[in-house]
Amino acid sequence: MKNVGEIEDLCIGCGTCAALCPQNIIRMEIDQKKGLYVPIINGECDECMKCIRVCPGIGVDFRELNDDIFGKQPKNLLIGNYKGCYIGYSLNEKLRYNSSSGGMITQILLYLLEKNFIDGALVTRMNPKKPFEPEPFIARTTQEIKESKGSKYCPVPANVALKEILKTPGKYAIVGLPCHIHGIRKAEKINRKLKKRIKYHLGIFCNHTPSFKATEFLLKKLNVKKEEVKNIIYRGEGWPGKLKIETKSGGRIRILLSDYWGSGFGQLFVPKRCELCVDHMAELSDISFGDPWLAEFASERKGKTLIIARKNSKILKNMKNKEICEIEPIEPEKVILSQIYNLYVKKKLHRNSLYDGNFPRMDFIDSIIAFFEPSKLKIPWILKKRYIFLYSLIASLKARIDFLGKL
Ligand SMILES: Cc1cc2nc3c(=O)[nH]c(=O)nc-3n(C[C@H](O)[C@H](O)[C@H](O)COP(=O)(O)OP(=O)(O)OC[C@H]3O[C@@H](n4cnc5c(N)ncnc54)[C@H](O)[C@@H]3O)c2cc1C
Ligand code: SF4
Ligand code: SF4
């Protein structure tokens with residue numbers, strides 16, 4: 001491969017190659033057939049291979065990067081390196097209510113900006129001119145950081161915004177999915193400016209990113225024409241929250257996360273590269289954030305964020321002392337339990353040499369579960385959602401037996 005133009009299904013559309021290409025000839029475009037961003041090479045490539053070297057789609061050396069970032073290998077391969085696990089939320093009620101879980105990512109960015117610890121943050125908002133497309137950018141004001149709150153359940157080429165970090169000296173934070181963080185960590189290895197300028201890496205737990213087809217599927221179900229949509233917000237209004245669509249004619253639609261995610265949106269449009277992904281909890285970030293999917297939070301309505309502090313807990317503790325947020329420790333086992341299905345699929349069924357010998361061995365039942373993995377079978381469309389539900393239920397039970405000894 002001479003450049004990422006030939007990468008095909010290994011690409012997750014993170015945008016790192018587009019930002020790091022010295023010739024500036026890589027552009028991220030939506031491939032309408034796949035419903036994903038793909039890199040388009042537009043110009044004379046001198047085959048410097050930089051795009052290949054920073055590409056997380058091709059591969060990530062967790063062993064080497066763990067050594068570089070944390071100076072050691074993780075003791076717990078399900079969570080990765082960590083110093084402490086917490087559950088927390090922003091004490092700004094409005095922010096907490098309108099963010100994804102407890103508003104902790106946005107709250108930390110606001111704190112870092114207000115304290116001048118950063119000059120800007122790489123975040124993602126929806127593009128006001130193109131309501132279905134995300135817009136990664138460098139937020140430099142509190143208003144811009146607030147505008148970017150909330151999860152975007154569509155492909156996001158976040159790392160294209162690294163271009164601005166490369167161009168403009170300063171101190172930055174970046175927010176991204178595990179694969180965005182992988183791309184950034186790889187890029188930092190070959191680009192000193194990035195390594196020096198990016199001070200905080202905030203990572204988001206990630207099961208998978210639904211392709212743009214998922215949103216189109218949902219609109220069809222709702223009988224809403226694409227051209228009619230003025231804006232779409234995937235999460236907000238408490239926890240677990242709602243998807244909101246505003247139409248040009250003034251209509252407003254709201255659907256609970258569980259209703260739309262479970263409708264096929266969250267099951268039927270998984271990119272091929274996500275099926276190979278082994279990182280659920282953004283293990284190479286400085287702090288990771290997710291939802292507390294645990295029975296004890298079932299009645300939570302305002303929202304709380306699960307937090308894994310990987311290097312230290314200083315910022316979190318300072319924010320708590322200044323009454324900006326509430327945080328309390330939570331057992332790592334609970335963090336694992338809250339994400340058990342994803343961890344089982346990503347870590348055990350997709351195991352690679354890093355995990356061999358460290359995890360419970362693949363047994364007969366695992367082999368059967370792996371064999372019946374939904375993406376490997378040709379399941380009629382009409383049955384697929386139910387099949388995936390049943391599959392994830394069985395896989396979750398097996399995960400509990402293997403990792404938690406709960407049954
Ligand atoms: C595609 C996707 C899959 C996820 N899967 C899981 C899961 O399986 N389990 C789980 O517990 N949690 C998952 N999450 C994380 C969860 O939805 C929340 O993002 C997390 O709990 C943090 O909430 P918060 O209120 O602190 O974030 P907020 O304060 O609302 O801030 C969210 C931040 O994330 C950034 N962002 C949003 N979407 C994207 C994106 N697609 N790419 C890059 N940056 C983005 C925004 O710019 C913003 O800075 C997922 C999130 C996404 C986007
Ligand atoms: S760097 Fe990212 S966008 Fe570029 S080819 Fe690799 S995975 Fe795709
Ligand atoms: S599952 Fe992995 S590859 Fe897919 S979007 Fe999430 S972090 Fe990226």
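No value in this document is a laboratory result; all are computed from the given coordinates. Fair warning: this is a prediction, and the values are worked out from it, not measured in the lab. Reconstructed Cβ throughout: ideal geometry from the backbone, glycine too, with neighbour counts over all protein chains shown.
List of remarks:
- If you take the Cα centroid of the stretch 1-75 and the Cα centroid of the stretch 98-166, the two points sit 21 Å apart.
- Across His180, His201, His350, mean-square fluctuation computed from a Gaussian network of the chain (C-alpha pairs under 10 Å connected) peaks at His350.
- Ratio of Rg to Rh over the stretch 212-265 (Cα coordinates, Kirkwood Rh, two decimals): 0.94
- Radius ratio Rg over Rh of the stretch 318-407, counting only Cα atoms, Kirkwood formula for Rh: 1.13
- Shape summary of the stretch 228-387, radius of gyration then Dmax from alpha carbon positions: 19.3, 59 Å.
- Mean projection of the Cα convex hull over all viewing directions, computed for the stretch 58-117: 6.5 nm².
- Long-range amide H partners of Asn231 with built H, under 5 Å: Glu246
- Residues considered: Ile145, Ile315, Ile365. Largest GNM mean-square fluctuation over the chain, using C-alpha springs under 10 Å, is found at Ile365.
- By the equivalent-ellipsoid construction on the alpha carbon gyration tensor, the stretch 138-207 comes out with semi-axes of 19, 16, 10 Å, ordered largest to smallest.
- Among Lys385, Lys195, Lys75: highest mean-square fluctuation, GNM of the chain, C-alpha pairs under 10 Å: Lys75
- Distance (nanometres) between label positions extended 7 Å along Cα→Cβ at Glu216 and Ala295: 4.2 nm
- Note on Lys272 and Ser258: their simple-model spin labels are 3.6 nm apart, each label 7 Å out from Cα toward Cβ.
- Once the Cβ-Cβ distance of Glu373 and Lys195 is raised to the sixth power relative to R0 = 41 Å, the FRET efficiency obtained is 0.60.
- For Glu29, nonlocal amide neighbours, meaning residues 5 or more places apart or on other chains whose placed amide H falls under 5 Å from its own, are Val38, Ile40.
- Note on the stretch 212-265: with charges restricted to the Cβ of Lys and Arg (+1) and Asp and Glu (-1), its dipole about the Cα centre is near 80 debye.
- Once the mean of 1/r is taken over each pair of separate Cα atoms and inverted, the stretch 6-57 shows a Kirkwood hydrodynamic radius of 11.2 Å.
- Inter-label distance, Lys130 to Glu333: 4.8 nm, where each label sits 7 Å from its Cα along the C-beta direction.
- Dipole size of the stretch 321-407 about its Cα centre, with +1 on Lys/Arg Cβ and -1 on Asp/Glu Cβ: approximately 580 debye, rounded to the nearest 20.
- Cβ-derived FRET efficiency at R0 60 Å, Arg361 paired with Phe117, nearest 0.05: 0.85
- Were the residues from Phe389 through Asn223 laid out at 0.36 nm apart, the gain over their Cα-Cα distance would be 57.3 nm.
- Between the listed residues Val160, Asn98, Ile41, the Cα displaced farthest toward the positive end of the dipole of the stretch 39-193, a dipole computed from Cβ unit charges relative to the Cα centre, is found at Asn98.
- Applied to the stretch 259-272, the Karplus parametrisation 6.51 cos²θ - 1.76 cosθ + 1.60 on θ = phi - 60° returns per-residue 3J(HN,Hα) values of 6, 7, 5, x, 7, x, 3, x, 10, 9, 10, 8, x, 4 Hz, with x for Gly and Pro.
- Given R0 = 51 Å, the distance between the Cβ atoms of Glu64 and Lys248 translates into a calculated FRET efficiency of 0.55.
- Annotation: average projected area of the stretch 314-354 is 4.3 square nanometres, based on the convex hull of Cα atoms across all directions.
- The base-10 log of I(q)/I(0) for the stretch 360-404, evaluated at q = 0.16, 0.21, 0.23, 0.29 Å⁻¹, reads -0.45, -0.71, -0.81, -1.07 [Debye formula, identical scatterers on Cα atoms, solvent excluded].
- Calculated mean residue ellipticity, 222 nm, the chain: -8500 deg cm²/dmol, from DSSP H runs (n ≥ 4) at -39500 (n - 2.57) each, averaged per residue and rounded to 500.
- Cα centre as origin, Lys/Arg/Asp/Glu Cβ charges: the chain dipole, Debye: 580 debye
- Percent of Cα-Cα distances greater than 36 Å, calculated over the chain: 21 percent
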